[in-house]
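K.L.:
This is the structure, below, for whatever I ask next.
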Amino acid sequence: MQSIISKRASLHVELKEQQQLNNELLSKLEKFESLANVGMVSAMIAHEINNILTPVGSYAEMAINNPQDTYIVNKAIQKAASNSQRATKILSSLLNMSKGNSQTRSMNKFSQILDETFSCLARDLKKDGIVVTLNIKEDTDIYCDSIAIQQLLLNLILNAREAMLAGGGSLTIEARTENDETIFSVKDTGSGISEENLTKIFEPFFTTKSRSDQRHSAGSGLGLAYCQRIVDAHDGRISVTSSPNIATEFKIAIPLRADDTTEVSEA
C-alpha cells in the first residue's frame, strides 16, 4: 500500500513538472508566432518601402537635372519629407511589434491600435482586390496590452487577406463599447471555415492550410491559438461564425477595467 502511495505521489510530481514544461514551451511558441507575423509581413513591407522610395528618387533626379525649376525642386523636397515620414511610421510600428514585450494594461484608443496595425502591415489591401471598411464608434476605448491586441488584429487581418487572395473581397472591422466591454470584430468574405473545423481552429497546431496549396503559406496552427491566449489573458471572449465562400467573422469582447485616473496611452 505504501508503495502505491509513493508511486502516485511520484507520478503527481512528474505530471506537474511536465505541465510546467509544456506551459514554458507554449509560451516560447507564442513568442515565435509573434515573430512569424513580423516575418510574414516583411516581404509586403519591403515592397511598400520600395514604392515609397521610387518617387523620391525620381523627383530627386529631376531636381538635380533641373535645378532652376523651383516647382520640381519643391516637389522633390515635399516627396522626400512626406514619404520619409510614411516609411518611419511603418518601420517604427514593425519594430514595436517585433519586440513583443508585454506591457502594463492601460486605456487605449481602439482606432490608434488599429492604425498601428495597418501601418505595420504597410500594404494597401486594395492592391489585392480587398475593400476595407472600418466601422469604429467614436472614442471607442479598450483596456489592454496594446502590443498584444495589435498582434491579435494582425493575425486576424492576415488570415482574412489570405482567405481572399484568390478573388478579392471585403474586410470589415467594427468596434464599439457596450456594457462595460469593448466589442470588436473582423469579418471577411473569403473562402471561410467548414463547420467541422470551427470547433478546432483555436487548438494549438491545428491548421487547414496545405503545403501543396501555392496560394497560401503552410500554417503553423498557432495563430488562432495565440489569439485565444491573448483574449484569455484579458479575461475576454472570442468566437467565430463562418459560411464558406460567403463570410467569416471573429468577434472579441474585452472588459473595460479602469478607474477614472487611468491615462489614455498612445498606442
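The values are calculated or read from the model by the stated rules, or taken from the named source; none is laboratory data. The model shown is predicted, which means the values in this text are computed figures rather than measured ones. Glycine gets a Cβ as well: all are built from the backbone with ideal geometry, and neighbour counts include every protein chain shown.
K.L.:
With SER243, SER220, SER265, SER239 as the choices, which residue is at pLDDT below 80 and under 22 Å from LEU198 (Cβ atoms)?
P.N.:
Only one candidate passes the filter, namely SER220.
K.L.:
Follow-up. Take SER210 and tell me if it is more than 28 Å from GLU181 (Cα to Cα), surrounded by fewer than 16 Cβ atoms within 10 Å (Cβ to Cβ), at pLDDT below 85 and out of contact with any Lys or Arg (no Cβ under 8 Å at 6 or more places or on another chain).
P.N.:
Answer is yes for this residue.
K.L.:
Take segment 59-81 and flag every residue that is of a type in the set (Phe, Trp, Tyr) and surrounded by 12 or more Cβ atoms within 10 Å (Cβ to Cβ).
P.N.:
Selection gives TYR59 alone.
K.L.:
Same structure again: Looking at VAL132 and the list (1) farther than 17 Å from ALA233 by Cβ; (2) outside any helix (DSSP H, G or I); (3) at pLDDT below 90, which single condition is not satisfied?
P.N.:
Going through the list (1) farther than 17 Å from ALA233 by Cβ; (2) outside any helix (DSSP H, G or I); (3) at pLDDT below 90, VAL132 breaks only (3).
K.L.:
Go through (1) in a loop (DSSP other than H, G, I, E, B); (2) charged (D, E, K, R); (3) modelled with pLDDT of 75 or more and name the single condition LYS251 misses.
P.N.:
(1)
K.L.:
When you go through SER111, SER119 one by one, which is the residue that is within 24 Å of THR88 (Cβ to Cβ), of a type in the set (Gly, Ala, Ser) and at pLDDT 90 or above?
P.N.:
SER111
K.L.:
Still on this model: Pairs, please: C-beta under 9 Å, at least 6 apart or cross-chain, first residue touching a residue at least 60 places away in the same chain (Cβ under 8 Å) and buried (at least 22 other Cβ atoms within 10 Å of the Cβ) and in segment 109-124, second in a loop (DSSP other than H, G, I, E, B) and not aliphatic (A, V, I, L, M)?
P.N.:
Within 9 Å, the pairs are PHE110/LYS137; PHE110/THR140.
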